[in-house]
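The values are calculated or read from the model by the stated rules, or taken from the named source; none is laboratory data. These numbers were taken from a predicted model, which means no experiment stands behind them. Positions of Cβ are backbone-derived with ideal geometry, glycine not excepted, and every protein chain shown enters the neighbour counts.
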Amino acid sequence: MPFNKLRAFFSKHRFAASNASHETALPYRIVTTCRSSEVAKLEELMRQLLSAYDVTYQGSAPAVQAHLTSITVEVMCSVRERGGLVQLVTRVAREISVRSVRWESIPQRSTRSAQAKSASCTAHATALPA
């Protein structure tokens, strides 16, 4: 009896699984701290590893210790491509000159883009006849 109710409910209310959420590019930041003498080598390695990604920012700045430099890279990638970022961070961490590597999502930017996208979808939905 309960299964009949569930079947009736789901036959009336069809849910379409959207692949758009998996293909949406989200912003991520990779911050690497390394020896200042090895910055050029590490930037070249990261450039090679990130060739398939949409790099939105790349820069370097002196770290707290005088002999270290922080390299910051911001990329856009989908959920499907996120495994590649994990491999990139793992590969960069193996370098002898690297002191630390971390990667993180950038929530402010992804929240704003999601709100803008939902607002445009709402405006589009209200324009369609019922």
Looking at the range 98-130, which of its residues are touching a Leu at 6+ places or on another chain (Cβ under 9 Å), among the charged types (D, E, K, R) and modelled with pLDDT of 90 or more?
-> Arg99
Can you name the residue in the range 28-60 that is in contact with a Ser or Thr (Cβ under 6 Å, 6 or more places away or on another chain), in a strand (DSSP E or B) and not hydroxyl-bearing (Ser, Thr, Tyr) and is also surrounded by the most Cβ atoms within 10 Å (Cβ to Cβ) among such residues?
-> Cys34
All but one of (1) surrounded by 11 or more Cβ atoms within 10 Å (Cβ to Cβ); (2) at pLDDT below 90; (3) not in a helix (DSSP H, G or I) hold for Ile71, so report the exception by its number.
-> (2)
Note down all Cβ pairs under 8 Å where the first residue falls in the range 79-100 and is of a type in the set (Asp, Glu), the second is outside any helix (DSSP H, G or I), and they're at least six residues apart or on different chains.
-> Glu81/Ala52; Glu81/Tyr53; Glu95/Cys34
Report whether or not Glu95 is among the acidic types (Asp, Glu), more than 26 Å from Gln108 (Cβ to Cβ) and modelled with pLDDT of 90 or more.
-> yes
Name every residue in the range 74-102 that is closer than 14 Å to Tyr53 by Cβ, surrounded by 12 or more Cβ atoms within 10 Å (Cβ to Cβ) and either aliphatic (A, V, I, L, M) or touching an Asp or Glu at 6+ places or on another chain (Cβ under 8 Å) (or both), in order of residue number.
-> Val75, Met76, Cys77, Ser78, Val79, Leu85, Leu88, Val89, Val92
